[in-house]
Amino acid sequence: MNVDAQPQFNQVTKELMEKVNPDHPEEILKQLENFDVLMMRYESAIREVRTKLEILNDELALTRDSSPISSIISRRKKPASIYEKLIRQGNEITLASIEENLNDVAGVRVICAFIDDIYKVAKMLVQQDDVVLVEVKDYINNPKPNGYRSYHMIVEIPVFFSNEKCPMRVEVQIRTVAMDFWASLEHRIKYKKGLSDEVVNQITADLKGCADTIAETDRRMLAIRDRINNLEKQDIIDRMKTRQANMPDHMKMYN
Ligand code: 0O2
């Protein structure tokens, strides 16, 4: 994408930094010309991906009892997190650097009821011909050591503006309701300051235990759903057979 007119920034960092509240160094980002434009473009990319997912969900819901997607949450990374990540990774504070080095400024989280829906939704999204799959991290088949499970993709989609078409990157995280419940609680412990090592270790071990239980429960729920589906199919077949059997011979479609 061409969000121009930011190169002077690198040469005047010191002067600009002096103007910025030292407690909020991220405010420097807002001094970058076109920072707002870039953020608006990420917001637009989020809307595009959300719409694609909503359409897929509506379509799939017509062919089955329930929608594969329970909810979709999205967020644009805040300037403070953008700034912190660029600094942590040793990258320049420029618009080009944001686009090159950060894949998660635009984030969409998709919550599904069942594990197989995660893979169905992911496949259907990336098989659309305007979606480029940049990266996949399957933390469901390869959970993190702490027990984190989720399916992550970086996708690039074109977003059309008045004068140009911009390829924008969006991080899509897909997980079950149970995985999401776990991740929200685990996220809180990460940012909790001042806890003793002992407490952190205990909570971490407890969380790992819960993650394993949740994974097992997700698998069992899937197996139960499949059994129910099969029973429902069998019920329909049995009722058709009974109806057939009770018909006069000349009306039977088959014997
Ligand atoms: P936030 O506040 O949610 O945005 P990268 O983004 O590629 O530089 P990384 O860690 O290699 O960094 O990417 P990865 O593994 O795909 O993780 C990206 C995001 O997944 C994280 O974003 C979290 O949202 C989520 N995530 C990854 N690991 C964990 C975990 O162990 N626990 C929880 N609760 N969430 C996790 P951020 O930027 O870390 O946080």
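Let me know the volume per residue of the alpha-carbon convex hull for the range 130-255, in Å³. Kindly include the intermediate steps, with their values, before the conclusion.
Values: hull volume 27.1 nm³, N = 126.
So the per-residue Cα hull volume is 215 Å³.
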Next on the checklist: To make sure I understand, if each residue's beta carbon is the centre and we count other beta carbons within 10 Å, what order do S196, S44 fall in, fewest to most?
Outcome noted: S196, S44
Item to check | Helix 177-190 axis, angle to the chain major axis (alpha carbon atoms, nearest 10°) | outcome: 30 degrees
Next on the checklist: Taking the Cα centroid of the range 20-34 and of the range 174-241, what is the distance between the two, rounded to the nearest whole Å?
Outcome noted: 41 Å
Item to check | Area projected by the alpha carbon convex hull of the range 8-177, averaged over all directions, nm² | outcome: 11.8 nm²
Item to check | Cross-link partners of K85 among aspartates and glutamates (Cα-Cα below 16 Å; sequence separation of 8 or more within a chain) | outcome: E26, E27, E99, E100, D104, E171
Checklist outcome for this item: Which residues qualify? For I140, with a placed amide H closer than 5 Å and at least 5 residues away or on another chain, they are S150
Checklist entry - Mind listing which chymotrypsin sites (Phe, Trp or Tyr not before Pro) in the range 175-255 are in a DSSP loop and have 10 or fewer other Cβ atoms within 10 Å? => result Y191, Y254
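K30: net charge of surrounding residues, Cβ under 13 Å, Lys/Arg +1, Asp/Glu -1, itself excluded? Spell out each step's value before the answer.
On the way: positive: K19, K78; negative: E26, E27, E33, D36.
That sum, taken over residues with Cβ under 13 Å, equals -2.
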Checklist outcome for this item: Two pseudo-spin positions, 7 Å from Cα along C-beta at D116 and at D65, lie apart in nanometres by 1.3 nm
Checklist entry - In percent, what relative contact order does the chain have, based on Cα pairs under 8 Å that are 6 or more apart in sequence? => result 17 percent
Item to check | Virtual paramagnetic centre 7 Å along Cα→Cβ of D226, amide N under 13 Å, in the range 114-156 | outcome: 115-117
Item to check | Potential lengthening between K233 and K165 on full extension [0.36 nm per residue; Cα-Cα distance subtracted] | outcome: 19.8 nm
Checklist entry - Cross-link partners among lysines for K19, C-alpha distance below 19 Å, same-chain residues fewer than 8 apart left out? => result K30
Item to check | Backbone HN-Hα couplings from phi across the range 32-46 [Karplus 6.51/-1.76/1.60, Hz, Gly and Pro as x] | outcome: 6, 5, 6, 4, 4, 5, 4, 5, 4, 5, 5, 4, 5, 4, 4
Checklist outcome for this item: Between the Cα axis of helix 115-126 and the main Cα principal axis of the chain, the angle (0 to 90°, nearest 10) is 60 degrees
Checklist entry - Within the chain, what is the longest stretch that has no trypsin sites (Lys or Arg not before Pro) placed in a DSSP loop and near at most 13 other beta-carbon atoms within 10 Å? => result 65-191
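Only the coordinates and a few stated rules stand behind these numbers; no lab work does. Small disclaimer: the values here were computed from a predicted structure and weren't measured. Ideal geometry is used to build each Cβ from the backbone, glycine not excepted, and the neighbour counts take in all protein chains shown.
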